[in-house]
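**Student:** The following block contains the structure, expressed as structure tokens.
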Amino acid sequence: MNRVFNFSAGPAVLPEEVLKTAADEMLDYKGSGMSVMEMSHRGKVYDAVIKEAEQDLRDLIGIPDNYSVLFLQGGGHTQFAMVPLNLMKNGKAAYIITGQWAKKACKEASKYGEAIAVASSADRNFAYIPDCSDLPIPEDADYVYICENNTIYGTVYKELPNTKGKILVSDMSSCFLSRPIDVTKYGLIFAGAQKNVGPAGVTIVIIRNDLIRDDLPESVPTMLQYKTHADAGSLYNTPPCYNIYMCGLVFKWLKKLGGLEAMQAKNEAKAAKFYEYLDSSKLFKGTVDVKDRSLMNVPFVTGDKDLDAEFVKKAEAAGLVSLKGHRTVGGMRASIYNAMPEAGVDALIAFMKQFEEEHTA
Ligand SMILES: *Cc1c(COP(=O)(O)O)cnc(C)c1O
């Protein structure tokens, strides 16, 4: 077996310990004689799996009782539609455009109502988070929407926007469970699992109960109503059973590590090390404003496309994989999610130093 250091933005690295547990339990889950993949989602064994996953998530984050936790399908993209379909009452919402995901969410919402871009950092290719202290949020906006960590561009909100009393909706796909959060500041949080939590195929939604409406127009598909899933404990139809089980294993791993404060400390240490090297390098440089740097996704460039390509190729040969940057930024991107061990960051820095020595006179 030869595991690489995988810097993919998603689907991304998972904790080795979790993968080993899943392997051990693959053929016979806790004496059931079946894999979790093979059992009824209505059976007693699976019921415990999904309930425990929810409880562990609630414990980790400290989710208040007046919020529901939903395990859904359809990825982040389905949430781009479900959010406006369920939350637009006045048919108006404010979107802060900090990258491609927020832009796509805004465009999707405009199918269902008026989606107003109240701020944007498109002028500098999304290399920063705009000032959100006093935005022109309409009086009758139903919510304010953000993409909290911008996976492609490598920025994160260090401070939440002033929503002027409106509900805050956050796409946390690429920073979910990377640090503690205060759920009460949000009306709705969603995260596709494949970045920082588990395998692709499950999307976690945390929604304040009073936002779960039962007066939606008939035309809203049953599967796209939060109420459908909230009422059924995420078991209205067959859920992504195995993926939820995998997420549950990750939640247990996080608890064992000491929870989200401990995870944040690890993430900050990893990111600090990497940014420190990046700032000292004569060859590589970061692409975003220092104040808005993400702890999870770090884009960087040499300024020379051919050299970037050579770096990515040689890194891969050295067991440091998926470092190619997104096509809209170019260069490289190192995603250093929860499951990336510090040793992976150390190995990347060492490799970059060596490459730098070889390519600077
Ligand atoms: C990856 C990603 C998405 C898209 O998720 P899908 O599950 O592919 O639909 C949305 N938002 C953010 C922040 C992402 O990183």
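The values are calculated or read from the model by the stated rules, or taken from the named source; none is laboratory data. Since we're looking at a predicted model, the values are computed, not measured. Cβ placement follows ideal geometry from the backbone for every residue including glycine, while neighbour counts extend to all protein chains displayed. Accessible surface areas use protein heavy atoms only, side chains included; no ligands, DNA or RNA. Shrake-Rupley method; radii C 1.70, N 1.55, O 1.52, S 1.80 Å.
**Student:** Looking at this model, which pairs from K92/K185; K158/K314; K107/K166; K92/K166 are more than 23 angstrom apart at the alpha-carbon?
**Tutor:** The pairs that break the limit, which is 23 Å between Cα atoms, are K158/K314.
**Student:** Running Debye on segment 94-228 with equal point scatterers at the Cα sites and no solvent, what base-10 log of I(q)/I(0) appears at q = 0.09 Å⁻¹?
**Tutor:** The Cα Debye sum returns log10 ratios of -0.26.
**Student:** Report, please, the projected area of segment 192-282 averaged over directions, based on the convex hull of its C-alpha atoms, in nm².
**Tutor:** Mean orientational projected area (segment 192-282, Cα hull): 9.3 nm².
**Student:** Right, next: Beta carbons within 10 angstrom, averaged per residue: use that to sort the peptides 186-192, 112-118, highest first. All intermediate terms of the calculation are to be shown ahead of the outcome.
**Tutor:** Values: 186-192: 24.6, 112-118: 17.9.
Those peptides, ordered most packed to least, come out 186-192, 112-118.
**Student:** While we're here: Report, in listed order, any pair from K111/K324; K44/K89; K30/K255; K30/K104; K252/K353 with a Cα-Cα distance greater than 31 Å.
**Tutor:** Long pairs (Cα-Cα over 31 Å): K111/K324; K44/K89; K30/K104; K252/K353.
**Student:** What distance in nm separates the two pseudo spin-label positions at K353 and V45, each 7 Å out from Cα along the beta-carbon direction?
**Tutor:** 5.0
**Student:** Loop-only check: which GluC sites (Glu not before Pro) in segment 137-181 are DSSP coil with at most 12 other Cβ within 10 angstrom?
**Tutor:** Those that pass, being in a loop and sparsely packed, are E139, E159.
**Student:** Taking only the Cα atoms of segment 305-353, how large is their convex hull per residue, in Å³?
**Tutor:** Per-residue hull volume (Cα only) is 73 Å³.
**Student:** Run through all the Cα pairs of the chain and give the fraction in each 20 Å bin from 0, expressed as whole percent.
**Tutor:** Calculated over all Cα pairs of the chain, the distribution is 29, 56, 15, 0 percent.
**Student:** Quick one, what does Rg over Rh come out to for segment 259-359 if you take C-alpha atoms and the Kirkwood Rh?
**Tutor:** Here Rg/Rh amounts to 0.95.
**Student:** Counting DSSP beta bridges with both partners in segment 16-256, what percentage is antiparallel, nearest 5?
**Tutor:** Antiparallel: roughly 45 percent of the beta bridges in segment 16-256.
**Student:** Share of antiparallel DSSP beta bridges in segment 162-303, in percent to the nearest 5?
**Tutor:** The antiparallel proportion sits near 70 percent.
**Student:** Another question, if that's okay. Work out, step by step, the length gained on full extension between V321 and Q264: first 0.36 nm times the residue separation, then minus their alpha carbon distance; give nm to one decimal.
**Tutor:** Between V321 and Q264, full extension yields an extra 18.1 nm.
**Student:** If you roll a 1.4 angstrom probe over the protein chains with everything in place, what fraction of the accessible area of the chain belongs to carbon and sulfur, to the nearest %? Show your work: numbers first, answer last.
**Tutor:** Values: 8000 of 15760 Å².
Ligands and nucleic acids excluded, carbon and sulfur give 51 percent.
**Student:** Kirkwood hydrodynamic radius, segment 155-221, all distinct C-alpha pairs: what's the number in Å?
**Tutor:** This gives a value of 13.7 Å.
**Student:** Right, here's the next one. Obtain the radius of gyration and the Kirkwood radius of segment 245-311 from its C-alpha atoms and give Rg over Rh.
**Tutor:** Working: Rg = 16.0 Å, Rh = 14.1 Å.
Reported Rg/Rh, Kirkwood definition of Rh: 1.13.
**Student:** For segment 150-209, which trypsin sites (Lys or Arg not before Pro) are in a loop by DSSP, counting at most 15 other Cβ atoms within 10 Å?
**Tutor:** Here the trypsin sites (Lys or Arg not before Pro) that fit, given the DSSP loop and packing criteria, are K158, K164.
**Student:** Here is a follow-up. Along the positive direction of the dipole of segment 164-266 (beta-carbon charges: Lys, Arg +1; Asp, Glu -1; about the Cα centre), which of A232, G198, L257 reaches farthest?
**Tutor:** Among A232, G198, L257, the one farthest towards the positive end of the dipole of segment 164-266 is L257.
**Student:** Can you compute the modelled spin-label distance between A361 and L307, with each label point 7 Å from Cα toward Cβ, in nm?
**Tutor:** 1.2
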